[in-house]
Structure formats: C-alpha cells, structure tokens
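Below you'll find the structure, written out as structure tokens, and then a few comments.
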Amino acid sequence: MRTPVIIGNWKMNLAPSEAKALLRELRELDLDQSVEKGVCVPAIDLLIAEDILKDSDIKFGAQNMYFEESGAYTGEISPTMLNDIKADYVILGHSERREYFKEDDELINKKVLSALEHDIIPILCVGETLEERESNKEEEKVRNQLEKDLKDVKDSDIEKVIIAYEPIWAIGTGKTASSDDADCMCKFIRNYIKKVYGEDYSEKIRIQYGGSMKPKNVKELLAKENIDGGLIGGASLKASDFEQLINYKK
Ligand SMILES: O=C[C@H](O)COP(=O)(O)O
C-alpha cells in the first residue's frame, strides 16, 4: 500500500513576505494525516519554510539544485545546503528547467544521483510535448527520459525516488490529461521500473501526476490504480485549494 504524496510546486511565485503568509496559513489547516504532503518553494523561501513548517507534518523542498557540494557555481544551491536546512525533497528535471534552462538528461541524472547520495528525495519529472503525444511518441519519450535520468540508480535507492508524470501540454494550461490517459502513462512508468528493478520495487515506487490538477479533478485522478499523488503548480498557491487537494479523500 503506497502512501499518497501531494506536493506543491510554487515555481517562481511568492516572495518571502508572501511565502510567510501562505506557510502560516497552511500550518493551521486540518490536513489528512494519511497523505504525505509538502511544498517546494523558491530558493529564497527555503529558510522560511524550514522555520514555519518545523513543527508540522508538512514537508518542504527545493525546486532545483546542483549536483556538487560546493564550489565556484554562481547562482546554484547544493545538496549539502539543502541538508543543512533539513529539506526533504528536490524537484529535478521539471519540463520548465529542461526547456528554459536547457537542462539535459545527463545533468538531470547527476542531480538525481547526488540527491540520493545526500538523502534528499528526488521528485523526477518526465513527460511528453503535445506534438509527441499527437504522433503517439509519448511512451518512447518517457522511456528515454527514464533510461537516462535514472542511469546508475541502485536497486536500494529506487523506491526513494518519486516520479512525476507531467504531460507538458497539461502544465498551467487548464487542460488535464484524462484520468485514464494519466493512469495509463503512470502504469507505463511502473512497468518500466518493474522491468529494470523488479516487481517489488515497482509496487513500492510512487508516481505522481502533474498538470492542471485542481480540487475538482483530484479525486478522479487519485482514484486510479497507478496514480499515487500529485505535483501541483497553480493550485498550490492558495491555502483553500491546497487544503482541498490534500483532503481529497474527505
Ligand atoms: O510542477 C507542477 C506542474 O508543472 C503542474 O503545474 P500546474 O498545476 O500549474 O499545471
């Protein structure tokens, strides 16, 4: 039985004063304890999240990191910095980083390995463009990303990884993949893990769906056998929406 995991990805939103206000609101909510929950905040908000969420069961993490521990890498944050503030997660390979910041699979793989080495849970994002879906290439695209991004990840580490299936055409567009299509791709990912790591790990690994997940569609998506949670952009920026997402079972 996999614990559902719902994580907010604030993206480049909420300056420290706004972050403080939302995190304080989140801390006061009555949230379902059987759901693992967290927020991945901009780097400048990380210390605030550490401080405000320390006595709550809401975890937190970063939206990116470099793979080295320290050095001359202007503008980057490192896994040891995230360890220092006890960050739980780091989002890696988000399609926005792949597209706008030209991150390739080789770099993403180094980051995944580094996160695991430093006990930070990587939330690895994979997914196809609209063009790839329309030409029936979604499985090929995602398989290729998984092969490269998870290269050299050990059997003992694979179940720590959270994989977020995010069809790029559904991100921030209000278009959600149908629950059947989303489940089908999450199943495809689970089968890939089964083939490479075996059935036991494939049953344990958690696979999220991301792309316009909202209070109105969360129940249907999370009722699907292979969808274990959500990576939420827009709807994680409002406490009442986030509350409804976490409390989707109620
Ligand atoms: O990381 C989150 C995803 O990109 C989904 O964003 P969205 O919920 O705003 O569509």
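The values are calculated or read from the model by the stated rules, or taken from the named source; none is laboratory data. This is a predicted model, so every value here is computed, not measured. In this analysis, Cβ positions are derived from the backbone assuming ideal geometry, glycine residues included, and neighbour counts consider all displayed protein chains. Note: accessible area is taken over every heavy atom of the protein model, side chains too, but ligands, DNA and RNA are not part of it. Shrake-Rupley method; radii C 1.70, N 1.55, O 1.52, S 1.80 Å.
Do any residues in the range 82-95 that are more than 12 Å from Asp119 (Cβ to Cβ) have Cβ atoms under 9 Å from those of residues that are within 12 Å of the ligand (Cβ to nearest atom) and acidic (Asp, Glu), where the two are at least six apart or on different chains, and which pairs are they?
His94/Glu166; Ser95/Glu166
Pairs only if they're at least six apart or on different chains, beta carbon under 6 angstrom, first in the range 155-182 and within 12 Å of the ligand (Cβ to nearest atom) and assigned to a loop (DSSP other than H, G, I, E, B), second hydrophobic (A, V, I, L, M, F, W, C) and at pLDDT below 95; list them, first residue then second.
Filtered contacts from the range 155-182: Pro167/Ala177; Thr176/Ala170; Ala177/Ala170.
If you take the residues of the range 138-174 that are closer than 20 Å to Asp228 by Cα and of a type in the set (Val, Ile, Thr), which of them is modelled with the lowest pLDDT?
That would be Ile171.
How many of the residues in the range 233-250 are within 13 Å of the ligand (Cβ to nearest atom) and within 13 Å of Val5 (Cα to Cα)?
Residues in the range 233-250 being within 13 Å of the ligand (Cβ to nearest atom) and within 13 Å of Val5 (Cα to Cα): 2 in total.
Can you tell me which residue within the range 176-200, out of those that are in contact with a Leu (Cβ under 9 Å, 6 or more places away or on another chain) and under 19 Å from Gly210 (Cβ atoms), is surrounded by the most Cβ atoms within 10 Å (Cβ to Cβ)?
Top of the filtered list is Ala182.
Please enumerate the residues belonging to the range 204-232 that are among the charged types (D, E, K, R), more than 12 Å from the ligand (Cβ to nearest atom) and either without any contact (Cβ under 8 Å) to a residue 40 or more places away in the chain or open to solvent by less than 60 Å² (accessible area, probe 1.4 Å) (or both).
Of everything in the range 204-232, those that are among the charged types (D, E, K, R), more than 12 Å from the ligand (Cβ to nearest atom) and either without any contact (Cβ under 8 Å) to a residue 40 or more places away in the chain or open to solvent by less than 60 Å² (accessible area, probe 1.4 Å) (or both) turn out to be Arg206, Lys216, Lys219, Lys224, Asp228.
What is the number of the single condition among (1) within 15 Å of the ligand (Cβ to nearest atom); (2) closer than 23 Å to Glu131 by Cα; (3) among the basic types (Lys, Arg) that Lys187 does not meet?
The one condition Lys187 does not meet is (1).
Residues in the range 124-137: is at least one of a type outside the set (Ser, Thr, Tyr), closer than 30 Å to Gln33 by Cβ, open to solvent by less than 20 Å² (accessible area, probe 1.4 Å) and more than 16 Å from the ligand (Cβ to nearest atom)?
So far as the range 124-137 goes, no, none of its residues is of a type outside the set (Ser, Thr, Tyr), closer than 30 Å to Gln33 by Cβ, open to solvent by less than 20 Å² (accessible area, probe 1.4 Å) and more than 16 Å from the ligand (Cβ to nearest atom).
Restricting to the range 90-101, name every residue that is buried (at least 23 other Cβ atoms within 10 Å of the Cβ) and either more than 15 Å from the chain's Cα centre (by Cα) or within 12 Å of the ligand (Cβ to nearest atom) (or both).
Ile91, Leu92, Gly93, His94 - these are the residues of the range 90-101 that are buried (at least 23 other Cβ atoms within 10 Å of the Cβ) and either more than 15 Å from the chain's Cα centre (by Cα) or within 12 Å of the ligand (Cβ to nearest atom) (or both).
Report, by residue number, each residue of the range 45-77 that is more than 18 Å from the chain's Cα centre (by Cα), outside any helix (DSSP H, G or I) and under 22 Å from Ser34 (Cα atoms).
Answer for the range 45-77, where residues must be more than 18 Å from the chain's Cα centre (by Cα), outside any helix (DSSP H, G or I) and under 22 Å from Ser34 (Cα atoms): Lys54, Asp55, Ser56.
What is the one condition in (1) open to solvent by 10 Å² or more (accessible area, probe 1.4 Å); (2) closer than 17 Å to Leu237 by Cα; (3) hydrophobic (A, V, I, L, M, F, W, C); (4) more than 16 Å from the ligand (Cβ to nearest atom) that Met12 does not satisfy?
Here Met12 clears every test but (4).
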